[in-house]
1. I'd like to know if region 12-23 contains one or more residues that are in contact with a Phe, Trp or Tyr (Cβ under 6 Å, 6 or more places away or on another chain), on the phi < 0 side of the Ramachandran plot and surrounded by 13 or more Cβ atoms within 10 Å (Cβ to Cβ).
2. Can you say whether Leu57 is modelled with pLDDT under 90 and farther than 21 Å from Phe174 by Cα, as far as the supplied structure shows?
3. Given the conditions (1) farther than 30 Å from Val161 by Cα; (2) in contact with a Phe, Trp or Tyr (Cβ under 9 Å, 6 or more places away or on another chain), report the number of the one that Leu53 does not fulfil.
4. So which residues in region 88-116 are touching a residue at least 60 places away in the same chain (Cβ under 8 Å), among the charged types (D, E, K, R) and farther than 16 Å from Val58 by Cβ, if there are any at all?
5. Select, from Asn56, Asn34, Asn27, the only residue that is more than 30 Å from Val176 (Cβ to Cβ) and polar (S, T, N, Q).
6. Residues being over 14 Å from Arg50 (Cα atoms) and loosely packed, with under 13 Cβ neighbours inside 10 Å: count how many of those fall in region 71-89.
7. Please work out which one of (1) closer than 25 Å to Glu172 by Cα; (2) modelled with pLDDT under 90; (3) of a type in the set (A, V, I, L, M) is the condition Ile120 fails and give its number.
8. May I ask you to verify whether Thr76 is without any contact (Cβ under 8 Å) to a residue 40 or more places away in the chain and not hydrophobic (A, V, I, L, M, F, W, C)?
Amino acid sequence: MTGFWVVLVLLILLVVGAVLYGIGGYNSLVRMRNLVEESWRQVDVELNRRYDLIPNLVETVKGYAKHESGTFEAVTAARTAASAPGSTVAQQAAQENVLTQALGRLFAVAEAYPDLKANIGFQQLQQELTNTEDRIAAGRRFYNANVRELNTKIEIFPTNVIAGMFGFAKAEYFEVDDQAVRATPEVKF
């Protein structure tokens with residue numbers, strides 16, 4: 001009889017250990033998913049900051065380059081598309097690529113106007129946009145690191161079993177796909 005009780009106690013300990021491990025794995029996945037969502041919200045805050053700066057930048061350049069309406073319309077349209085809610089991370093990345101290209105064209109227009117380049121307001125907006133771009137890049141790195149951690153946890157055994165049971169899905173990276181955008185921009189003012 002004592003052998004039966006030893007086996008029963010070991011079996012109970014094994015079941016309790018498995019349940020506790022499962023709870024820990026589930027809670028870990030929830031924490032990682034929430035961290036990914038939080039880091040995306042931080043990227044979103046910086047993107048919105050960028051969107052708020054763009055109209056002021058466009059208006060400043062418009063004052064000097066009235067005949068460049070196509071460029072202004074492209075920047076405005078790209079900003080509107082990028083700031084629209086409801087995009088997936090991949091769609092947001094694609095829209096950001098378009099916006100970055102449009103801003104590059106806007107800065108190319110500004111190159112042709114020495115008075116604009118010397119304008120204090122334009123310089124401040126350009127500096128603020130540069131700072132915001134740096135913050136977006138830092139946020140993107142933080143977000144992508146959290147996505148990597150979550151995706152790894154979802155794929156490795158035994159948490160992949162828990163992830164599958166509770167419907168945890170891999171998160172999307174926020175990547176720049178356009179090779180022109182990946183290249184270091186050369187801006188001369």
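1. No; the residues of region 12-23 include none that is in contact with a Phe, Trp or Tyr (Cβ under 6 Å, 6 or more places away or on another chain), on the phi < 0 side of the Ramachandran plot and surrounded by 13 or more Cβ atoms within 10 Å (Cβ to Cβ).
2. Yes: the conditions hold for Leu57.
3. Only one criterion in (1) farther than 30 Å from Val161 by Cα; (2) in contact with a Phe, Trp or Tyr (Cβ under 9 Å, 6 or more places away or on another chain) is unmet by Leu53, namely (2).
4. Glu96
5. None of the other options fit; the residue is Asn27.
6. Final tally of qualifying residues: 4.
7. (1)
8. On the way: without any contact (Cβ under 8 Å) to a residue 40 or more places away in the chain: yes; not hydrophobic (A, V, I, L, M, F, W, C): yes.
Judged against the criteria, Thr76 is a match.
The values are calculated or read from the model by the stated rules, or taken from the named source; none is laboratory data. Please read all numbers here as calculations on a predicted model, not as lab measurements. When we count neighbours, we look across all protein chains shown, and the Cβ atoms used for this are built from the backbone with ideal geometry, even at glycine.
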